[in-house]
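Colleague: Take a look at the following structure, please.
The values are calculated or read from the model by the stated rules, or taken from the named source; none is laboratory data. Please read all numbers here as calculations on a predicted model, not as lab measurements. Cβ: placed from backbone, ideal geometry, glycine included. Neighbour counts: every protein chain shown.
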Amino acid sequence: MAPINAGIVVFPGSNCDHDTEYALASFEGVRPVLLWHNEHDLRGVDLVVLPGGFSYGDYLRAGAIARFSPIMQEVVDFARKGYPVLGICNGFQVLLESGLLEGALSRNRDKKFICSPTTIRVENATTSFTSRCRPREVLSIPIAHGEGNYFAPPEVIDRLEENGQIVFRYCDARGNVTPESNPNGSIGNIAGIINREGNVLGLMPHPERASETLLGSSDGRKLFESLFDSLAGRQ
């Protein structure tokens with residue numbers, strides 16, 4: 001398999017860019033490429049990751065200013081050509097602001113920043129980001145956000161449901177989706193969604209922080225492994 005060049009966009013205020021770089025570099029044949037927000041060149045990468053953090057200090061609202069970074073026009077074009085884009089936490093917020101995904105994220109239900117372990121259930125195991133997972137498998141992946149309360153109009157939620165675009169839901173350790181297992185108030189316990197074409201995924205939990213057992217869980221590796229499998233098939 002040819003080497004995979006994984007682009008990681010670095011915005012002012014990003015704080016998970018190097019965590020993501022470390023996680024991706026742990027996979028054989030994967031070369032992380034840091035992409036500064038002011039660039040106009042994706043430098044031939046095979047995939048793009050928008051990492052977590054506080055791009056531009058989350059001024060105005062999370063992801064709203066990052067959406068106008070020069071690099072984002074390149075990312076939007078990249079995604080519309082069918083290449084894979086993964087948005088983690090703040091990266092998910094940027095994807096929503098950029099119109100690559102539907103819906104929005106608001107302040108957590110309790111108006112507090114949450115940084116804690118959580119469990120999510122795989123709702124769709126057929127995507128290029130979840131093919132290494134079992135249907136309804138429970139993954140242990142932590143969260144760290146203040147604006148993770150996903151919402152969208154009822155017709156959008158219905159469409160996401162019908163098309164299998166809801167990829168992850170917050171659940172308890174046994175896989176039960178309950179109000180108590182919802183950390184931020186997201187409608188329908190939604191933790192991650194994908195676009196209709198299946199190449200753009202956004203989720204609030206941090207798979208890069210669940211990339212080795214020393215961190216408490218290696219479940220996040222399944223998302224990256226799935227993605228790399230998909231890229232290998234394309235090559």
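Colleague: Quick check: anything in the range 70-77 buried (at least 16 other Cβ atoms within 10 Å of the Cβ), assigned to a loop (DSSP other than H, G, I, E, B) and either out of contact with any Lys or Arg (no Cβ under 8 Å at 6 or more places or on another chain) or modelled with pLDDT of 95 or more (or both)?
Modeller: no
Each row is one residue, and each column tells you yes or no for (1) within 16 Å of SER69 (Cβ to Cβ); (2) at pLDDT 95 or above; (3) in contact with a strand residue (DSSP E or B) (Cβ under 7 Å, 6 or more places away or on another chain).
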{"position": "ASN5", "(1), (2), (3)": "no, yes, yes"}
{"position": "ASP19", "(1), (2), (3)": "no, yes, no"}
{"position": "TYR22", "(1), (2), (3)": "no, yes, no"}
{"position": "LEU35", "(1), (2), (3)": "yes, yes, yes"}
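Colleague: Right, next: Take the conditions aromatic (Phe, Trp, Tyr) and at pLDDT below 95 and apply them to PHE129. Does it pass?
Modeller: Considered against the rule, which asks whether it is aromatic (Phe, Trp, Tyr) and at pLDDT below 95, PHE129 comes out as no.
Colleague: Could I ask something else about it? Residue pairs, Cβ under 9 Å, 6 or more apart or interchain, first in the range 201-225 and on the phi > 0 side of the Ramachandran plot, second of a type in the set (Ser, Thr, Tyr). List them.
Modeller: GLY216/SER140
Colleague: What is the residue count in the range 94-123 for residues that are assigned to a loop (DSSP other than H, G, I, E, B), hydroxyl-bearing (Ser, Thr, Tyr) and more than 19 Å from PRO84 (Cα to Cα)?
Modeller: So the count comes out to 1.
Colleague: I've got another one for you. Picking from ARG43, ARG31, which residue would you name as being more than 16 Å from SER98 (Cβ to Cβ) and not in a strand (DSSP E or B)?
Modeller: Checking each option against the conditions leaves just ARG43.
Colleague: I'm trying to understand the selection: among the residues of the range 109-126, which are among the hydrophobic types (A, V, I, L, M, F, W, C), modelled with pLDDT of 95 or more and surrounded by fewer than 20 Cβ atoms within 10 Å (Cβ to Cβ)?
Modeller: ILE114, CYS115, ALA125
Colleague: If I go through the range 106-151 residue by residue, how many of them are without any contact (Cβ under 8 Å) to a residue 60 or more places away in the chain, more than 15 Å from ASP219 (Cα to Cα) and touching a Gly at 6+ places or on another chain (Cβ under 7 Å)?
Modeller: Number satisfying all stated conditions: 5.
Colleague: From (1) more than 12 Å from the chain's Cα centre (by Cα); (2) not in a helix (DSSP H, G or I), pick out the condition that doesn't hold for ALA191.
Modeller: ALA191 satisfies all of (1) more than 12 Å from the chain's Cα centre (by Cα); (2) not in a helix (DSSP H, G or I) except (1).
Colleague: So GLY57 ticks every box in (1) at pLDDT below 95; (2) buried (at least 20 other Cβ atoms within 10 Å of the Cβ); (3) touching a Gly at 6+ places or on another chain (Cβ under 6 Å); (4) farther than 16 Å from HIS206 by Cα but one. Which box is left unticked?
Modeller: (2)
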